Amino acid sequence: MKIFICLLISFVLTASFSTAQVQTNYDSGKVIIYNGKVKLSFNLYDGLFSIQDNKKEMIVQDAFFQLGGLESKDSCGERKWSVSEISDEIGHGKALTIRIAFNNYADILWQVILYDQKDFLVFNMGVANDTKKQFRIMSFDPLRCDKLYNGLDNSINYKVLDGNDGGNVTSVKTDKEVMSFNNLLLRFGLADTAHILVAGGITYHEFEKYIQVNREDRTITLRLHSEDPVGKLVDAGGSYWL
C-alpha cells in the first residue's frame, strides 16, 4: 500500500501529550481516531469528517473525499469502517479504513493513519471494483474542505509557502488562491499564536499531486487533489490502493 498524502497539523502542542497512543472509538454514528495531539471524526451518516487539535479547536470541518465523480457524502448503499494496527518506518499507530459502498458501482476506499506521539495524519485512497466491468481511476481527492479554520480572522500575516517540485520556483505568497504541484505551508496570525498547516504528498505513484488553498472571509478552502490523463484500470472484482 502506498501512502501518498500527509496533512501535518503543527499548532501549539503541549509536552503533556508527548506519550499519547492512538485510540479509536465509535459513538452515535461517528468513528473517531485520536491521540493526545490530533483527533479525526468521521460521520458514517453523511460521509463528512472533521479534524481537531489538542486544544479542541476545529481545524478541518465538514470535509469529504472524492474518487472521480463519486463523493463520500453522496447517497450510497452503505458506509463501512474497520481499524487495524500499523507499524512502519514512521512509527506505530492505527489505520482507520472507510469503504463507501455504491449499488452497481465501484466502491471508494479511504484510509487515514495516525501514529503514536505524532501530530500529523496520513491519507490514502483506493477502489474496490465489485462490479462486472472494468473501472478506470483518473482523479481522486483525499480531502476537500470549505471550512478550514472556519470563523477565524485569517487576514493577519497570511502567507503561503508553495513547495513546487522539479524546476518550478518556490515562493512565499499572500495571494488568496494558491496551487502547488507538491506541497505547501500555510500560516496566519500573531507570532506567538500563529496557526500553521502543512499539506502535501509523501510518495508519488502514477498520479500527479496538487495542493490548493483559497482564502475567503473568515474561512479557507483546502483541496488535496491528484489526477492522471491515462488513469489506472481496475479489473472487475479487483481492488487497488493508489
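The values are calculated or read from the model by the stated rules, or taken from the named source; none is laboratory data. From a predicted model like this one, the values you see are computed outputs, not experimental measurements. Using ideal geometry, Cβ is built from the backbone for each residue, glycine included, and neighbour counts are taken over all protein chains shown. Ligands, DNA and RNA are stripped out before the accessible areas are found, and what is left, the full protein with its side chains, is counted by its heavy atoms. Shrake-Rupley method; radii C 1.70, N 1.55, O 1.52, S 1.80 Å.
The table for this structure:
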| quantity | calculated |
| --- | --- |
| Complete set of residues in the range 139-161 that are closer than 30 Å to T97 by Cα, among the charged types (D, E, K, R) and either in a loop (DSSP other than H, G, I, E, B) or open to solvent by less than 10 Å² (accessible area, probe 1.4 Å) (or both) | D141 |
| V122, sole failed condition from (1) among the aliphatic types (A, V, I, L, M); (2) assigned to a loop (DSSP other than H, G, I, E, B); (3) touching a strand residue (DSSP E or B) at 6+ places or on another chain (Cβ under 8 Å) | (2) |
| Some residue of the range 77-100 being in contact (Cβ under 8 Å) with a residue 40 or more places away in the chain, open to solvent by less than 70 Å² (accessible area, probe 1.4 Å) and under 18 Å from F207 (Cα atoms) | no |
| Selected residue (criterion: modelled with the highest pLDDT) from residues of the range 47-60 that are within 17 Å of the chain's Cα centre (by Cα) and open to solvent by 30 Å² or more (accessible area, probe 1.4 Å) | L48 |
| E206 vs. criteria open to solvent by 60 Å² or more (accessible area, probe 1.4 Å), charged (D, E, K, R) and in a loop (DSSP other than H, G, I, E, B) | yes |
| Per-region count, the range 173-203, residues among the polar types (S, T, N, Q), open to solvent by less than 30 Å² (accessible area, probe 1.4 Å) and at pLDDT 85 or above | 1 |
| Cβ-Cβ under 6 Å pairs, at least 6 apart or on other chains, the range 55-74 side within 17 Å of F123 (Cα to Cα), far side part of a loop (DSSP other than H, G, I, E, B) and open to solvent by 10 Å² or more (accessible area, probe 1.4 Å) | Q61/N150; D62/L48; F64/L48; F64/K73 |
